[in-house]
1. I'm trying to understand the selection: among the residues of region 48-64, which are of a type outside the set (A, V, I, L, M), touching a strand residue (DSSP E or B) at 6+ places or on another chain (Cβ under 8 Å) and farther than 16 Å from Asp13 by Cβ?
2. Just to be sure I understand, how many residues within region 96-113 are open to solvent by 50 Å² or more (accessible area, probe 1.4 Å), part of a loop (DSSP other than H, G, I, E, B) and over 20 Å from Asp62 (Cα atoms)?
3. Kindly provide the set of residues from region 64-95 that are open to solvent by 70 Å² or more (accessible area, probe 1.4 Å) and over 24 Å from Leu24 (Cα atoms), ordered by number.
4. In this structure, does Ile41 turn out to be surrounded by fewer than 19 Cβ atoms within 10 Å (Cβ to Cβ), without any contact (Cβ under 8 Å) to a residue 60 or more places away in the chain and not in a loop (DSSP other than H, G, I, E, B)?
5. Inspect region 15-36 for any residue being open to solvent by 50 Å² or more (accessible area, probe 1.4 Å) and either in contact with an Asp or Glu (Cβ under 6 Å, 6 or more places away or on another chain) or part of a loop (DSSP other than H, G, I, E, B) (or both) and give the result as yes or no.
6. Can you confirm whether region 46-61 contains a residue that is open to solvent by 70 Å² or more (accessible area, probe 1.4 Å), of a type in the set (Gly, Ala, Ser), more than 25 Å from Leu5 (Cα to Cα) and modelled with pLDDT of 75 or more?
7. Restricting attention to region 1-14, report how many residues are in contact with a strand residue (DSSP E or B) (Cβ under 6 Å, 6 or more places away or on another chain) and either open to solvent by 40 Å² or more (accessible area, probe 1.4 Å) or in a strand (DSSP E or B) (or both).
Amino acid sequence: MEKKLVCLVIEDDDDIRMLVTVVLTRAGFDVRAVANGAEGIVAAADPSVSLITLDLGLPDMDGHIAARAIRALSKAPLLFLTARSEEDEILAGMASGAAAYLTKPFHPKDLQEIALRLCPPAAPARQESARQESARRDSTRRDSTRQDSSAHQRQ
């Protein structure tokens with residue numbers, strides 16, 4: 001059974017948190033959602049987290065502060081979901097560790113596409129498949145070499 005990628009959603013608005021959860025669950029993620037920055041920082045320390053969505057307008061702290069704290073704990077890509085759309089805000093977001101920036105309101109399809117681009121779910125399966133294929137070829141080569149050696153020894 002293929003292991004699902006884990007997405008941590010940090011969003012204080014219940015409706016948006018639920019929408020993001022539904023969209024990313026349908027995209028194949030196992031979603032864990034929290035409502036504030038402090039909970040998000042704690043949850044981001046889990047090494048199984050593959051992607052983090054972060055609202056910059058959190059009730060308990062500025063999202064940029066949360067992003068820097070998360071970046072110190074996790075290498076998972078940060079996707080900022082925020083109403084802040086000014087160029088300075090976008091640049092500040094990228095400087096504080098964002099891999100991508102999506103402004104609210106957003107289309108669910110855009111969220112799904114960005115999440116899958118940042119964290120493709122099939123990549124581990126493709127890598128494992130390539131490893132298995134390589135091992136199979138090596139095994140076939142060894143068998144072929146053994147057969148050639150045997151044939152040469154018999155002659």
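1. Answer for region 48-64, where residues must be of a type outside the set (A, V, I, L, M), touching a strand residue (DSSP E or B) at 6+ places or on another chain (Cβ under 8 Å) and farther than 16 Å from Asp13 by Cβ: Ser48, Ser50.
2. Within region 96-113, residues that are open to solvent by 50 Å² or more (accessible area, probe 1.4 Å), part of a loop (DSSP other than H, G, I, E, B) and over 20 Å from Asp62 (Cα atoms) number 1.
3. Of everything in region 64-95, those that are open to solvent by 70 Å² or more (accessible area, probe 1.4 Å) and over 24 Å from Leu24 (Cα atoms) turn out to be Ile65, Ala72, Glu86, Glu87, Asp88, Leu91, Ala95.
4. When the stated conditions are applied, Ile41 does not pass them.
5. There is no residue in region 15-36 that is open to solvent by 50 Å² or more (accessible area, probe 1.4 Å) and either in contact with an Asp or Glu (Cβ under 6 Å, 6 or more places away or on another chain) or part of a loop (DSSP other than H, G, I, E, B) (or both).
6. Looking through region 46-61, none of the residues is open to solvent by 70 Å² or more (accessible area, probe 1.4 Å), of a type in the set (Gly, Ala, Ser), more than 25 Å from Leu5 (Cα to Cα) and modelled with pLDDT of 75 or more.
7. Adding up the residues that qualify gives 6.
The values are calculated or read from the model by the stated rules, or taken from the named source; none is laboratory data. Everything numeric in this text was worked out from a predicted model, so none of it was measured. Cβ sites come from the backbone with ideal geometry, for glycine too, and all protein chains shown count toward neighbours. Just the protein is used for accessible areas: all its heavy atoms, side chains included, with ligands, DNA and RNA removed. Shrake-Rupley method; radii C 1.70, N 1.55, O 1.52, S 1.80 Å.
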